[in-house]
Amino acid sequence: MSPQPQAAVGAPLSRVDGRLKVTGQAKYAADQDPGGPEGVVHAVVVDSRIGRGRITGVDTGAAEAHPGVLKVIHHRNSPTLPYGPNPGSLNLPGERLRVFQDDQVRFHGQPVAVVVATTLEAAQHAASLMEIDYAAESSETDLIETPATGDPVTYTRGDAEAALQSADVRLEMTYRPARNHHNAMELHATVARWEGDRLTVWDKTQWVQSPRAELAANFGIPAESVRVVSPFVGGAFGNAARAWPHITVAALAARETGRPVKLVLTRRQLYFGVGYRPAYEYKVRLGSDRRGLLTAMTHELRGETSRYERFSERGVLAPGQMLYTTPNVSQMYRTVALDVNTPTPMRGPGYSTAAFPLESAMDELAHELGIDPIELRRRNEPENDQASGRPFSTRRLRECYTVGAREFGWSRRNPRPRSTRDGDWLIGTGMATAVYDTLRAPGQAGVRLDADGTAAIESSTSDMGPGTYTSMTQVAADALGLAVRNVTFRLGDTDMPTAPLHGGSLTMASVGSIVQNGCDTLRQQAIRLAVEDEDSPLSGANADDIVVRGGRLHLKDNPARGETYRQLLARNNRTHLEALGSWTPGQSRSAMYAYGAVFAEVAVDARLGLVRVRRMLGVFDAGRIISPKLADSQAIGAMVGGIGMALLEHTVTDHRDGRIVNANLADYLVPVNADVTNLKAIYVEGRDDEADPLGVKGLGEVVVVGVAPAVANAVFHATGRRVRDLPITAESLL
Ligand code: MOS
């Protein structure tokens, strides 16, 4: 077939759903009201005020007497829920939290009751009137103070211990990235409605299949009886991939009251009602020769998890195995079970955590050896993936370094720490490498072209912010040969063809290829219809010579000979054409990753320890860029998040009782406008044809990975102080 002209792909389109969002017409989960004339009723979760122990008494009297209260559910009156196995979900080894099924308290903030009332205010006030007595036991929530319990996950190549002994240079450091919370703008919310045995939920989710599977398992009903609808998601960063306990609470409350129920977690409840990026302790040893060639690397790490589930993430180990040439690597990763709720992937999961120790350590080695940090990385640039022995599909990391160094002005840098001043401010620059897995997954999309020449495509993916609506519209518009305004993409409904999880940077590669496949199939159907139609100007033409542009099919080399979709369908009495798109990634011969090089300039107040990021540049190799404006949103948004990870974000737990001290956006610090100045992203573009038919590698995760270490390295360069705990606070620099 003749390649379609590309008009929409690669164009800096604004979001096709932008108007809906800024005019308040986009309906998020909490905006849904499927309650009919009576409206929905409201559920408020009561959370435990101890960190571990038992519930010894529940007095619902005052709450139940409150006007408007319909029902109070807790472990003493809750029906037993089946909580069947749910292997297809994102559930972890262990046993998921079962709401209201026993008197045990496993962490501070665990749901212990739910109050349902006709108004939100009544439910909130009644919830405050609940009297719950506890027998508290001491809880363990401190990663640093608690021994590891999880089975070791190890990786070994060569003999790192022996190589360390004979290394010219040996370094040993311990890094401690803090626990972070996603803190998406939209709160987690679920609206649940039962009709007989059928359940519909409107939910904030990155994957409508996930709450469907979880609710079906928890209530013991077939998955087909659960419909999940999620047209808009106001940010998620990983924490809306799994179905958290409140989703079951909402469905239970709806079933017990016989009314459609709306449940919105409060901002405070997000800190224990959904997951978070776990804290880690990361011991790194590096051995190298005098020229900076790495001879050995050991990583010993401990990461927090809950007692009831074992959360672990491969990404904390992966970069250490494949980023640099190192003949001898030894890694050991153990989880530490604590009296906390279960962690979950957060943007750049694992990789962004690992990049802080790994890329800080490379900077420390560069300083030790007196080698430029970029030069050190170049010397250790591998020719293939040393973990698997496979070639890299595409790896333009050297180009990222070259372009980044040039655009950032790296050569003007005086390598000596604490060598540059601007009044009271110490100025420093730093860089770090970024890497993230290119993940892909199979799925399907439905494509329909109507007689009026407009098309609708649907697939049950999600748009948590990267712009799925827009990028899929671009892909579809080009594949169908239609203007963007004549294409509508729909998502977020289990009634639509099944799409994979919207996460792990796999949506553009996977759903994009699925959509393209469906649109290609439909276009070829139309072309076939034309060439076989004696009354078509294209009758008898070679199908391979025909392209479609602006809704008109024509010979590639003779645009005058052709007709529009509308003419073709009308003459053939067709109301529409339909196709089902699908794509399944094949076995790959290569190791596929997206890469980046991140550069930061900071100013540190020499007397106050205050750190300001003055400018940041990220250069990324993410394959082909479908939607440059959205790519910039991803990259710049990730730099903001990474600045938070480096300098501000820290979920603080009171280890006496497991209470999270800063469970609000006033005390959990995130970057604000004053913290974010000059951010820029550049893409070293090029297709990765092994990855997927679109040639993309995924962008949304890799862009955050190198940010925190780039900032940390710049802080070292500015001050001569190496801070190995995140976030880097003013007090750590005094
Ligand atoms: Mo991403 S952490 O998979 O949403």
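The values are calculated or read from the model by the stated rules, or taken from the named source; none is laboratory data. Small disclaimer: the values here were computed from a predicted structure and weren't measured. Here the Cβ is made from the backbone with ideal geometry for all residues, glycine too, and neighbour counts use every protein chain on show.
Is it the case, given these coordinates, that ARG395 is charged (D, E, K, R), assigned to a loop (DSSP other than H, G, I, E, B), closer than 24 Å to VAL703 by Cβ and modelled with pLDDT of 95 or more? Taking the combined requirement at face value, the residue satisfies it. Elements of the type strands (runs of 3 or more DSSP E) sitting completely within the stretch 27-89 and holding at least 3 residues that are out of contact with any His (no Cβ under 7 Å at 6 or more places or on another chain) and either outside the structural domain of ARG259 (by TED's automatic domain parsing) or under 21 Å from VAL264 (Cα atoms) (or both): these cover 41-47, 69-74. Candidates are the residues of the stretch 176-205 that are among the polar types (S, T, N, Q) and in contact with a Phe, Trp or Tyr (Cβ under 9 Å, 6 or more places away or on another chain); the one that is surrounded by the most Cβ atoms within 10 Å (Cβ to Cβ) is THR190. For the stretch 220-234, a tally of residues being crowded, with 20+ Cβ neighbours inside 10 Å and more than 24 Å from LEU20 (Cβ to Cβ) returns 1. Taking the criterion of being acidic (Asp, Glu), in contact with a helix residue (DSSP H, G or I) (Cβ under 9 Å, 6 or more places away or on another chain) and more than 16 Å from the ligand (Cβ to nearest atom), the only residue of the stretch 454-478 that qualifies is ASP478.
Being part of a loop (DSSP other than H, G, I, E, B) and of a type in the set (Ser, Thr, Tyr) is the filter; apply it to the stretch 329-349 and report the residue that is farthest from the ligand (Cβ to nearest atom). Walk me through how you get there before you give the answer.
Let us first name the residues in the stretch 329-349 that are part of a loop (DSSP other than H, G, I, E, B), namely 339-349.
When the remaining residues are screened for being of a type in the set (Ser, Thr, Tyr), the result is 342, 344.
Values: THR342: 15, THR344: 8 Å.
Looking at the filtered set, the residue picked out is THR342.
In the set (1) of a type outside the set (Gly, Ala, Ser); (2) surrounded by 20 or more Cβ atoms within 10 Å (Cβ to Cβ); (3) away from the ligand (no atom under 16 Å from the Cβ), the condition left unmet by PHE237 is number (3). Of all the listed residues (ASP675, ASP689, ASP657, ASP725), the sole one being more than 16 Å from the ligand (Cβ to nearest atom) and out of contact with any strand residue (DSSP E or B) (no Cβ under 8 Å at 6 or more places or on another chain) is ASP689. Apart from one condition, ALA543 fits all of (1) of a type in the set (A, V, I, L, M, F, W, C); (2) surrounded by 14 or more Cβ atoms within 10 Å (Cβ to Cβ); (3) touching a strand residue (DSSP E or B) at 6+ places or on another chain (Cβ under 9 Å); the exception is (3). Restricting attention to the stretch 203-221, and to residues there that are in a loop (DSSP other than H, G, I, E, B) and touching a helix residue (DSSP H, G or I) at 6+ places or on another chain (Cβ under 6 Å), which single residue is farthest from SER89 (Cα to Cα)? Among those residues, the one meeting the criterion is LYS204. Applying the set (1) away from the ligand (no atom under 16 Å from the Cβ); (2) in a helix (DSSP H, G or I) to GLY642 leaves exactly one unmet item: (1).
Within the stretch 656-689, the set of residues being outside any strand (DSSP E or B) and crowded, with 19+ Cβ neighbours inside 10 Å comprises GLY658, ALA663, TYR668, PRO671, VAL684, ASP688.
Restricting attention to the stretch 697-711, the residues being closer than 20 Å to ASP424 by Cα and touching a Lys or Arg at 6+ places or on another chain (Cβ under 8 Å) number 0. Against the condition away from the ligand (no atom under 16 Å from the Cβ) and either under 24 Å from GLN587 (Cα atoms) or over 22 Å from the mean Cα position of the chain (by Cα) (or both), how does GLY481 come out, does it pass? Considered against the rule, which asks whether it is away from the ligand (no atom under 16 Å from the Cβ) and either under 24 Å from GLN587 (Cα atoms) or over 22 Å from the mean Cα position of the chain (by Cα) (or both), GLY481 comes out as yes.
Residues that are farther than 26 Å from MET592 by Cβ and part of a helix (DSSP H, G or I) within the stretch 474-522 comprise ALA477, LEU480, VAL484, ARG485, ASN486, LEU522, listed in sequence order. Among the criteria (1) within 16 Å of the ligand (Cβ to nearest atom); (2) farther than 25 Å from ALA434 by Cα, the one ALA254 does not fulfil is (1). Has the stretch 558-574 got at least one residue that is closer than 30 Å to LYS204 by Cβ and either among the basic types (Lys, Arg) or away from the ligand (no atom under 16 Å from the Cβ) (or both)? Taking every residue of the stretch 558-574 in turn, none turns out to be closer than 30 Å to LYS204 by Cβ and either among the basic types (Lys, Arg) or away from the ligand (no atom under 16 Å from the Cβ) (or both). From the set of residues in the stretch 484-516 that are closer than 24 Å to LEU555 by Cβ and not aliphatic (A, V, I, L, M), which is farthest from the ligand (Cβ to nearest atom)? If we take residues in the stretch 484-516 being closer than 24 Å to LEU555 by Cβ and not aliphatic (A, V, I, L, M), then ASN486 is farthest from the ligand (Cβ to nearest atom).
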